[in-house]
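The values are calculated or read from the model by the stated rules, or taken from the named source; none is laboratory data. Remember, it's a predicted structure, so these values are computed and weren't measured experimentally. Every residue, glycine among them, receives a Cβ derived from its backbone with ideal geometry; neighbour counts consider all protein chains shown. With ligands, DNA and RNA removed, areas are computed over all heavy atoms of the protein, side chains included. Shrake-Rupley method; radii C 1.70, N 1.55, O 1.52, S 1.80 Å.
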Amino acid sequence: MSDRPVAPTRADFNDFYPLQTRWNDNDAYGHMNNVVHYALFDTAVNGWLIERGLLDPLTSPVFGLVVETGCRYFGEMQFPDRVTAGLRVAKLGRSSVRMELGLFRNDDDTASAEGFFVHVYVDRTNHRPAQLPDATRAALESLQ
């Protein structure tokens, strides 16, 4: 029996967000640098929220701050790959959410990387934890 993690598949996620790699995402080894994975996770989560009218980065009275992240790598990606981010919610609290993501290279069914973000939603004026807005909660529940 192996303790090696198994890469998730597209079937493990509830929604998807398309992304595109860039020339400068490749590192000296010819594949996408590990920090780019985090940027893609961030882009997918915030793009998903913005497209649904749940986040305006400049004016939303409540927004999520990242308090924890993680990533496991299963395969390489590089420019000019197309990447699709799979999204799901693993835990939804009063003012926080754990969003899990898979990054899928081109038409691959198995993720090249799996990561997570924990967001704590805060009030824009004082950065203190704030209850998730009802519309945001409902949208995030659709990803559970």
Of those in segment 43-67 that are closer than 23 Å to residue 94 by Cβ and under 12 Å from the mean Cα position of the chain (by Cα), the residue surrounded by the fewest Cβ atoms within 10 Å (Cβ to Cβ) is 66
Are any residues in segment 76-124 under 20 Å from residue 33 (Cα atoms), open to solvent by 30 Å² or more (accessible area, probe 1.4 Å) and in a loop (DSSP other than H, G, I, E, B), and if so, which ones? 76, 78, 79, 80, 106, 108
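Would you mind stating whether residue 130 is over 16 Å from residue 31 (Cβ atoms) and among the small types (Gly, Ala, Ser)?
On the way: over 16 Å from residue 31 (Cβ atoms): yes; among the small types (Gly, Ala, Ser): yes.
Yes, satisfied.
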One residue is enough: does segment 54-66 have a residue meeting the conditions among the β-branched types (Val, Ile, Thr), assigned to a loop (DSSP other than H, G, I, E, B) and modelled with pLDDT of 95 or more? yes
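Quick one: is residue 27 among the charged types (D, E, K, R) and at pLDDT below 95? Lay out the reasoning, then the answer.
Working: among the charged types (D, E, K, R): yes; at pLDDT below 95: yes.
Judged against the criteria, residue 27 is a match.
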What are the residues in segment 5-31 that are closer than 12 Å to residue 103 by Cα and either open to solvent by 90 Å² or more (accessible area, probe 1.4 Å) or among the aliphatic types (A, V, I, L, M) (or both), if any? 7, 18, 19, 20
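Considering only segment 103-114, I want to know if a residue exists there that is closer than 26 Å to residue 61 by Cβ, touching a residue at least 60 places away in the same chain (Cβ under 8 Å) and in contact with a helix residue (DSSP H, G or I) (Cβ under 8 Å, 6 or more places away or on another chain). Quick ask: steps written out before the conclusion?
Start the filter on segment 103-114 by keeping residues that are closer than 26 Å to residue 61 by Cβ, which leaves none.
No, every residue in segment 103-114 fails to be closer than 26 Å to residue 61 by Cβ, touching a residue at least 60 places away in the same chain (Cβ under 8 Å) and in contact with a helix residue (DSSP H, G or I) (Cβ under 8 Å, 6 or more places away or on another chain).
What number of residues in segment 7-35 are more than 15 Å from residue 104 (Cβ to Cβ) and not polar (S, T, N, Q)? Even if it seems obvious, please write down each step before you answer.
Within segment 7-35, the subset more than 15 Å from residue 104 (Cβ to Cβ) is 22-31, 33-35.
Among the residues that remain, those that are also not polar (S, T, N, Q) are: 22-23, 25, 27-31, 35.
Looking only at that region, the number is 9.
So which residues in segment 1-58 are of a type in the set (Val, Ile, Thr) and without any contact (Cβ under 8 Å) to a residue 24 or more places away in the chain?
Quick first cut of segment 1-58, residues of a type in the set (Val, Ile, Thr) only: 6, 9, 21, 35-36, 43, 45, 50.
Those that are of a type in the set (Val, Ile, Thr) and without any contact (Cβ under 8 Å) to a residue 24 or more places away in the chain: 6, 35, 36, 50.
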